[in-house]
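The values are calculated or read from the model by the stated rules, or taken from the named source; none is laboratory data. The shown structure was predicted, so the numbers you read here are calculated from the model rather than taken from an experiment. The area values use the complete protein model at the heavy-atom level, side chains included, leaving out ligands, DNA and RNA. Shrake-Rupley method; radii C 1.70, N 1.55, O 1.52, S 1.80 Å.
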Amino acid sequence: MAEPDPRGRRRAQGALETQVLAALHQADGPVTAGWVRERLAAGLAYTTVMTVLGRLLAKDAVTRRREGRSFVWLPAADQAGLAALKMRRVLDGERDRRAVLASFVTTLPEGDERLLRELLRHAGDGD
């Protein structure tokens, strides 16, 4: 069940994960779940933060390592890397990858389409 926001409404799916990731990106290094909880304005239960961190770990969006009797957490990638991971997961969940990619490319603004073509050209140079 989604945590309610402070105004009594339910959060959109993924909103809490986004908030947790944003907190991790603000950290200077590995942090505890308690540190993350303190940074979130929602007054969440510690167990809720741990559940979200566990989900992010399963999605390869964060990493953790044991430090003493607890874990410390880090984002697995920078913001661009996490956005790319989300895009790939959406694509992986679709049956017709070609149709999804074609729809994506045809809706890009001209400048983004040009940039994508350039990036693909350079990626092909590495083969």
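Listed values, structure above:
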item	result
Coarse-grained scattering of the chain at q = 0.11, 0.18, 0.20 Å⁻¹, given as base-10 log I(q)/I(0) from a Debye sum over alpha-carbon atoms	-0.53, -1.02, -1.12
For region 31-47, Karplus couplings with θ = phi - 60° (6.51, -1.76, 1.60), whole Hz, Gly/Pro x	9, 7, 4, x, 4, 4, 4, 5, 7, 8, 6, 7, x, 6, 5, 4, 5
Whole-number D in µm² s⁻¹ for region 59-127, Kirkwood Cα-pair radius fed into Stokes-Einstein, 37 °C, 0.692 mPa s	221
Extension reserve of the A58-R89 stretch, reckoned as 0.36 nm per residue once the Cα distance is removed	9.9 nm
Candidate residues E38, E94: accessible-area rank, largest first, probe 1.4 Å	E38, E94
